[in-house]
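Only one structure is covered here, and it is reproduced in the block below.
Just so it is clear, none of the values below were taken in a lab; they were calculated from the coordinates. What you see is a predicted model; the values in this text were computed from it and never measured. Here the Cβ is made from the backbone with ideal geometry for all residues, glycine too, and neighbour counts use every protein chain on show.
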Amino acid sequence: MTDLRVNGARPRGVPTHSLEYDFYFATVFVVALFVGVQTWTWRLITQRRLPKNGPIKRALKDAHVIAPIIFRS
């Protein structure tokens with residue numbers, strides 16, 4: 001039989017992320033933003049056109065992918 005107290009759904013109002021996860025997310029975001037701005041600027045100079053995604057959108061996307069991987073391990 002399944003113990004719903006352990007495997008049940010979370011009640012409303014319970015935060016989904018912890019302080020540790022937010023720390024990892026912020027750290028990855030800052031690093032990705034720094035690299036993203038450099039890459040975006042380099043492509044603007046060398047190719048003379050704007051990349052599809054801006055540096056902030058790209059950094060958020062990277063942080064949303066990388067932070068859960070770090071947090072799980």
At 7 Å along the Cα-to-beta-carbon direction for both Ala26 and His64, put a label point, then send me their distance in nm to one decimal. 2.1 nm
Residue span Trp42 to Phe71: 0.36 nm per residue of separation minus Cα-Cα distance leaves a gain in nm of 7.3 nm
